[in-house]
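For reference, the structure I am asking about is given below.
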Amino acid sequence: MTDKAELSSTERQLRDALARLVDQKPINRELKQKLKANKLKIVVSNVEKEAGLSNGSARRYPETKSLIESAEANRVYGVSNVSDTVVSDYSLHIKSKEDLDKAKKEIKKLKGEIEKKEEKLGDYKKRLKSQAVRMHQMTVAMWEHMPEECKHIELMIDVETTGATSNVLEFKKREKLD
């Protein structure tokens, strides 16, 4: 364990905050309310709040983070007579950690694929909309070249509704203007 004299001021603040939370004597108003409601958990974000630091301040202090995790385990399950090193060396613990890491990597990979597919979908929607605009312009141009006696009813596609979730296009009828 690191000597108290070697700790940076941030790490010292985190450890002091952890000690207050373990003793159930927080000074942060929100954490006091959680304590009264019996919903106070000793997690990294609460320790950072109690220390008056921003989110993510503890990420540079893995030793302190492990102390926080073990403090929450002691709070929930009680103090164990088996040391953390024995538990972490146990094969089931090692396998479950590896499985968790694999699952996290898979989730990250799938999120990347989703982002790529959403980007592709956005591109396809943009193309489809531009194609619909061109079709409308072509229809209007062709309509203008039709003889007047053939222009009884005009069917128009509302280009704005082509981006809707429905696959049915609405047609509007326009009566002859004469």
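Going through the stretch 24-37 one residue at a time, which ones are surrounded by 15 or more Cβ atoms within 10 Å (Cβ to Cβ) and either outside the structural domain of Val76 (by TED's automatic domain parsing) or touching a Lys or Arg at 6+ places or on another chain (Cβ under 7 Å) (or both)?
Within the stretch 24-37, Pro26, Asn28, Leu31 meet the criteria.
Hey, another quick one. Within the stretch 98-137, how many residues are charged (D, E, K, R) and within 22 Å of the chain's Cα centre (by Cα)? Show your work before the answer.
Step one: list which residues in the stretch 98-137 are charged (D, E, K, R), which gives 98-99, 101-102, 104-106, 108-109, 111, 113, 115-120, 123, 125-127, 129, 134.
In the following step, the residues that additionally are within 22 Å of the chain's Cα centre (by Cα) were identified as 99, 101-102, 104-106, 108-109, 111, 113, 115-120.
Summing the residues that are charged (D, E, K, R) and within 22 Å of the chain's Cα centre (by Cα) in the stretch 98-137 gives 16.
Among (1) in contact (Cβ under 8 Å) with a residue 12 or more places away in the chain; (2) not in a loop (DSSP other than H, G, I, E, B), which single condition is Gln33 missing?
Checking Gln33 against (1) in contact (Cβ under 8 Å) with a residue 12 or more places away in the chain; (2) not in a loop (DSSP other than H, G, I, E, B), the one that fails is (1).
Then there's this: Give me a count of the residues in the stretch 72-101 that are of a type in the set (Val, Ile, Thr), at pLDDT below 75 and surrounded by 10 or more Cβ atoms within 10 Å (Cβ to Cβ).
Residues of the stretch 72-101 that are of a type in the set (Val, Ile, Thr), as a first pass: 76, 79, 82, 85-87, 94.
Among the residues that remain, those that are also at pLDDT below 75 are: 79, 82, 85-87.
Then keep just the ones that are surrounded by 10 or more Cβ atoms within 10 Å (Cβ to Cβ); that gives 86-87.
So the answer is 2.
Moving on. Scan the stretch 52-60 and give yes if some residue there is in a helix (DSSP H, G or I), in the same structural domain as Glu11 (by TED's automatic domain parsing) and either over 26 Å from the mean Cα position of the chain (by Cα) or modelled with pLDDT under 85 (or both), otherwise no.
The initial filter retains those residues of the stretch 52-60 that are in a helix (DSSP H, G or I), namely 57-60.
Imposing the further condition that a residue be in the same structural domain as Glu11 (by TED's automatic domain parsing) reduces the set to 57-60.
Those left that are additionally either over 26 Å from the mean Cα position of the chain (by Cα) or modelled with pLDDT under 85 (or both): none.
Within the stretch 52-60, none of the residues are in a helix (DSSP H, G or I), in the same structural domain as Glu11 (by TED's automatic domain parsing) and either over 26 Å from the mean Cα position of the chain (by Cα) or modelled with pLDDT under 85 (or both).
Anything in the stretch 38-54 that is surrounded by fewer than 11 Cβ atoms within 10 Å (Cβ to Cβ) and either touching a helix residue (DSSP H, G or I) at 6+ places or on another chain (Cβ under 6 Å) or within 17 Å of Glu72 (Cα to Cα) (or both)? List them, or say none. First the steps, then the outcome.
Initial filter on the stretch 38-54 (surrounded by fewer than 11 Cβ atoms within 10 Å (Cβ to Cβ)): 38-39, 54.
Matches in the stretch 38-54: Asn38, Lys39.
The values are calculated or read from the model by the stated rules, or taken from the named source; none is laboratory data. Here the structure is a predicted model, which is why all the values come from computation and not from measurement. Positions of Cβ are backbone-derived with ideal geometry, glycine not excepted, and every protein chain shown enters the neighbour counts.
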